[in-house]
1. Tell me, in nm to one decimal, what length is gained between Glu266 and Arg241 on full extension, where the rule is 0.36 nm per residue of separation less the Cα-Cα distance?
2. Starting from 0.36 nm per residue, how many nanometres of slack lie between Leu61 and Arg48 once their C-alpha separation is accounted for?
3. Roughly speaking, what is the stretch gain from Ser116 to Leu9, that is 0.36 nm per residue apart minus the C-alpha to C-alpha distance, in nm to one decimal?
4. What is the local net charge at Pro16, summed over the other residues whose Cβ is closer than 14 Å to its Cβ (Lys, Arg +1; Asp, Glu -1)?
5. Please report the net charge: other residues with Cβ closer than 14 Å to the Cβ of Thr146, K and R +1, D and E -1.
6. Give me the dipole magnitude in Debye, nearest 20, for the chain about the Cα centre, with unit charges on the beta carbon: positive for Lys and Arg, negative for Asp and Glu.
7. Is there a pair in Lys43/Lys107; Lys148/Lys211; Lys107/Lys224; Lys148/Lys315 whose C-alpha atoms are over 32 Å apart, and which pairs would that be?
8. Over region 153-260, average the accessible area per residue using a 1.4 Å probe and give it in Å², no decimals.
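The values are calculated or read from the model by the stated rules, or taken from the named source; none is laboratory data. Model, not experiment: these values are computed from the prediction. Don't worry about glycine lacking a Cβ; one is built from the backbone with ideal geometry, like all the others, and counts go over all protein chains shown. Heads up: the accessible areas ignore ligands, DNA and RNA and are worked out on the full protein's heavy atoms, side chains in. Shrake-Rupley method; radii C 1.70, N 1.55, O 1.52, S 1.80 Å.
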Amino acid sequence: MTTTRSDCLARDAADPLAPLREEFLLPEGTIYLDGNSLGVLPKATPARIAQVVQQEWGQDLIRSWNTAGWIDLAQRIGDKIARLVGANAGELIVGDSTSVNLYKALKSAVLLGNGSATRKYIVSERSNFPTDLYIADSVAREHGLTLKLVDAGELPAALNDELALLLLTHVNYRTGRIHDMAGITAAAHASGALVVWDLAHSAGAVPVDLKLADADFAVGCGYKYLNGGPGAPAFVWAHPRHTARMDREQLRQPLSGWLGHAAPFEFTTDYRPALGIQRFVCGTPAVLSMAALECGVDVFLRAEPHGGLAALRHKSLALSTLFIELVESQCAGRGLTLVSPRDPAQRGSQASFASPNGYAIMQALIARNVIGDFRAGAPDAPPESSDLLRFGFTPLYTRYVDVWDAAAHLQAVLASGEWREARFNQRAAVT
């Protein structure tokens, strides 16, 4: 039976998460399906930033490191994010970028590895996000290892005694396919290797339980589903067994910044690592960005009375499933190929369609105030590696009627051929 727009309005009216939409500033008339790239602005953020600028910085000045708790921001926000990813308080720290934190995690994992001469490879998925591969390649070269890229189907065979370290993104940024974190981690451990997980497309979007999965290290960003704003600080987590060993053996993560020192305000010339996850702090926290990130994370805490992450996941899958059904029924024969898993249990909070005209189609949609994004692929590649239209579904603020309207606009763009207009085929710097 075909879902109607009235059906979607009825589902929105009955949605227990609907009140959370009021926590965000959403431009009138805009359908925003790009929260998997940049989350929208929480209403609390401008006032919080103004408070930090005008009062804490403007009036209290340097005293705010103590009186406003600036010095504790990295751990305070880290403890909140930990609740979203199955970690405990004191195990996760916020700061730096995802790339910098990934470098720290990978180097630390190599340092903690078994050191066997047979361990030759850092393995990752060929379709992993490029920055992960670039950082992994740098670490591999520094340690005489080789970065080996495999397709998803080749992953089991790569988990052998030549594997030093496995790096995977939990939810693939292109297809939205979810890896079995617990199963893959167990298999890697059985081969004698450690695993680093990138949660950039997971944290705040899908249930994650790092401790239950027995993961080794994880990193993630703050500006996608966590709604921390462009360039928001990232986070890093290490399993307590690894930080405990680093404590015992006085092992350093590779960027020995002063706030990762056990006593930074002693100003000693010798470096003594702080205990636990605090050793992964590098430089001074970006206070303004941290304040914005905390506003975004706090919305998730207010979702707990509405069912928390379980309710968010349920709605996320309902939104993406509805979108897939509408697009495939309304846009059949228009050159779109679904590359996201059809099975909801294997799908993150996005739906991706391959199209040889993906860039222009997305630009035409954006001109209609339907905002998704485009990811370029390789020429003559299989669908999952070709040009993609990506649509993210953020259950905190996306409505069922938004999904219905977005599919209708996509159908109109394809049927009219308006994407062929020259203005939609001029590539911008950011796609």
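1. Length gained, Glu266 through Arg241: 6.2 nm.
2. 3.1 nm
3. Full extension of this stretch gives 32.5 nm more.
4. Charge balance in the 14 Å sphere: +2.
5. +1
6. That gives the chain a dipole magnitude of about 200 debye.
7. Working: Lys43/Lys107 38 Å; Lys148/Lys211 27 Å; Lys107/Lys224 25 Å; Lys148/Lys315 37 Å.
Listed pairs above 32 Å: Lys43/Lys107; Lys148/Lys315.
8. Dividing the accessible area of region 153-260 by its residue count gives 31 Å².
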